[in-house]
1. Is it true that Gly8 is of a type outside the set (A, V, I, L, M, F, W, C), surrounded by fewer than 12 Cβ atoms within 10 Å (Cβ to Cβ) and modelled with pLDDT under 95?
2. So which residues in the range 92-116 are on the phi > 0 side of the Ramachandran plot and at pLDDT below 95?
3. For the range 59-115, what are the residues that are within 12 Å of the chain's Cα centre (by Cα) and of a type in the set (S, T, N, Q)?
4. Quick one: count up the residues across the range 82-128 that are farther than 24 Å from Arg140 by Cβ and free of Cβ contacts under 8 Å to residues at least 40 places away in the same chain.
5. Identify the single condition in (1) under 14 Å from the mean Cα position of the chain (by Cα); (2) more than 25 Å from Arg139 (Cβ to Cβ); (3) not in a helix (DSSP H, G or I) that Arg14 does not satisfy, given that it satisfies every other one.
6. Only one of (1) outside any loop (DSSP other than H, G, I, E, B); (2) surrounded by fewer than 22 Cβ atoms within 10 Å (Cβ to Cβ); (3) in contact with a strand residue (DSSP E or B) (Cβ under 9 Å, 6 or more places away or on another chain) fails for Leu59. Which number is that?
7. For the range 117-146, give me each residue that is modelled with pLDDT of 90 or more and among the aromatic types (Phe, Trp, Tyr).
Amino acid sequence: MTGRSIIGRDARIRPIGAYDVALLAELHKAIFTAPWDRPWSAESLTQILAMPGARGWLLESDSLPIGFVLARFIMDEGEILLTGILPAAREQGHGARLMHTAITAAREAGIAKLFLEHAELNSAAARLYQRLGFVQIGRRPQYYSPHQSSARRYDAATRMLDLSAKEPAAMARVDTRESK
């Protein structure tokens with residue numbers, strides 16, 4: 001990676017709609033290529049977006065998708081269901097930008113605690129979530145299973161961000177230009 005951003009001048013984050021599911025399925029396939037990742041179909045993404053409290057945001061540049069985040073907010077708790085950035089656009093702050101959008105929406109929705117999980121081996125995700133103020137609250141042994149049933153299973157780290165404080169110190173420090 002050259003460090004040069006693939007995001008153009010008109011990069012924007014917009015809400016995801018039901019009409020985006022085919023695009024999201026293709027984007028998911030391009031983003032999630034680690035051994036612990038499993039592809040999500042347009043049908044499964046449609047089901048996710050139809051759940052009560054589900055919402056999502058898409059980062060685009062020159063009308064091309066770069067990444068997305070899906071979340072679900074119920075009563076005073078929320079969960080980041082899925083977030084990812086195209087490999088060519090990683091380590092440029094785009095993931096932090098999307099996460100800030102979801103965190104801001106959670107605060108506006110009155111969410112007190114925001115949860116997420118990630119593969120323990122995904123150190124880039126762990127670093128980003130720590131910078132955003134998420135603390136590890138648990139571990140799910142052998143949570144992720146690849147397509148092949150005989151293949152190795154991967155552990156998940158579970159994290160939580162306490163949004164009951166006005167502005168966590170970690171959130172105030174995050175520079176989106178340096179985050180993934």
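1. Working: of a type outside the set (A, V, I, L, M, F, W, C): yes; surrounded by fewer than 12 Cβ atoms within 10 Å (Cβ to Cβ): no; modelled with pLDDT under 95: yes.
Considered against the rule, which asks whether it is of a type outside the set (A, V, I, L, M, F, W, C), surrounded by fewer than 12 Cβ atoms within 10 Å (Cβ to Cβ) and modelled with pLDDT under 95, Gly8 comes out as no.
2. Let us first name the residues in the range 92-116 that are on the phi > 0 side of the Ramachandran plot, namely 93, 110.
Listed by number, the list holds a single entry, Gly93.
3. Matches in the range 59-115: Thr83, Thr101.
4. Narrowing the range 82-128 to residues farther than 24 Å from Arg140 by Cβ: 86-94, 96-97, 100-101, 104-105, 107-110.
Those left that are additionally free of Cβ contacts under 8 Å to residues at least 40 places away in the same chain: 104, 108-110.
Residues that pass the stated criteria total 4.
5. (1)
6. Status for Leu59: all satisfied but (2).
7. The answer is Tyr129, Phe134.
Per-residue answers, yes or no, for (1) under 21 Å from Leu114 (Cβ atoms); (2) assigned to a loop (DSSP other than H, G, I, E, B):
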site: Leu27; (1), (2): no, no
site: Ala30; (1), (2): no, no
site: Ala34; (1), (2): no, yes
site: Ser44; (1), (2): no, no
site: Gln47; (1), (2): no, no
site: Phe73; (1), (2): yes, no
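The values are calculated or read from the model by the stated rules, or taken from the named source; none is laboratory data. Being a predicted model, the structure only gives us computed values, none of them experimental. All Cβ positions, glycine included, derive from the backbone under ideal geometry; neighbour counts span all protein chains shown.
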